[in-house]
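None of the figures in this text is laboratory data; all of them are computed from the coordinates on show. No experiment lies behind these values; they were computed from the predicted model shown. Positions of Cβ are backbone-derived with ideal geometry, glycine not excepted, and every protein chain shown enters the neighbour counts.
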Amino acid sequence: MGLHGKNVLLVRPNIRLILRYRDTANFSQTGASMGIGEAIATALAAKGANLVLLSRSEDRLSRVAKSLSSTNSGVKVIYRAADIGNFDVVDKAIGSAIEEIGDIDILINNAGLALGAPARFPDLKIEDIITMSNTNINGTMFVTHSVLNRSMMKKKPGKGTILNVTSVTAHEVPPFPGEAVYHASKAFQEGFTNSLRNELVETDIKVLAIRPGVVATHFHTQRVGFDQDQYDSFVDGYEPLVSDDVAQAAVYMLEQPEKVSIKALDVVPTGISSIALVTTPTD
């Protein structure tokens, strides 16, 4: 499936972004203002997508939107600032975006917030637990519910693509502390993805998951409280991915013909093909 002219919704600047392709299709993605989300937005815009960016940070959304508009002639980029953990707010924002740009062809849920590492679960602040759960779990469901009802299900029997950015930690428990809530929320996203795919089997809506490994982004510096020593220790012994590695894999999944669904794809650093085992190259 070509991406030119599609409408994409991408959620959250570090994770999601809303995009719309010229002429034929619209994409929605969360996390568009930095990291993986911004990289996916950039890659899709280069393919001719019109974009709708959805995140809480209006300043970052504005910056990304201006950058993408200036470097991709003919691509329309709009944004909506909204807390994806509040359904009424996010539903209104998505409705407004659809009125301006048209139906959403592709939704990219890129919600993946991790806070408090390396603190163990009993030592986490309850506020951080609530924030992570609202973003990673509620946000994913709220955005998906809104896009399905406001756009994709209106085209009988239903048409579109939903790509959820989960994590390899959804299936492998990380061998270090500070992952209980994040790991559980990513496992939820995997379960939600699989269940939703089954429930939509009689439609023409693809439901896919991409599972990044460790990526050198703001996400991992934030999760260790911007402690450089802890971050250096976290990536010691292997070369992490960069955001564009994940973005190109996402584009590959989305460009498949209508008859092909890559239901899930793991994208990991070669030196850490298993979370529990890190390989250090030898001379």
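General remarks:
- With neighbour counts taken as other beta-carbon atoms within 10 Å, the residues VAL8, VAL77, VAL268, VAL260 rank, fewest first, as VAL260, VAL268, VAL77, VAL8.
- In plain terms, the residue of ARG120, ARG80, ARG197 with the fewest other Cβ atoms within 10 Å comes first and the most crowded comes last, giving ARG120, ARG197, ARG80.
- Gain upon complete extension [ASP244, LYS125; 0.36 nm per residue less C-alpha separation]: 39.6 nm
- Listed from fewest to most Cβ neighbours within 10 Å, the set SER151, SER70 follows the order SER70, SER151.
- log10 of Debye I(q)/I(0), alpha-carbon scatterers only, for segment 115-170 at 0.15, 0.24, 0.26 Å⁻¹: -0.60, -0.98, -1.06
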